[in-house]
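What follows is calculated from the coordinates using simple rules that are stated; it is not laboratory data. Just so it is clear, the model here is predicted, and its values are computed rather than measured. Quick reminder, even Gly has a Cβ in these numbers, built from the backbone with ideal geometry, and neighbours come from all protein chains shown.
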Amino acid sequence: MEQGWHAFSGSNTAAGFYGYFKELQTGAERTCIIKGGPGVGKSTLMKKGGLHYEEKGCTVQYYHCSGDPDSIDAVYVAEN
């Protein structure tokens, strides 16, 4: 498991799905959207990217999928 900070990017509620993606983008210098079908490597790419920046000393936040905690919906990298 990655060393960084872990959270969920959304949740299923009685009123339906609620996501925090707008909040994640607030103050972000850059946003990169990765799109593709299931099993093509989106989460793997984000995990490897997060580990790369952790090794450089950056703070990394991993946001897991509420429907599949092993999948990553977003990675936020902050320079220290």
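I'd like the FRET efficiency for Arg30 and Glu55, computed as 1/(1 + (r/R0)^6) with the beta carbon distance as r and R0 of 22 Å, rounded to 0.05.
Numbers: r = 19 Å, r/R0 = 0.89.
FRET efficiency, Arg30 to Glu55: 0.65.
Show the residues, 5+ positions off or on another chain, whose built amide H is closer than 5 Å to the amide H of Cys65.
Hits under the 5 Å cutoff: Ser71, Ile72, Asp73.
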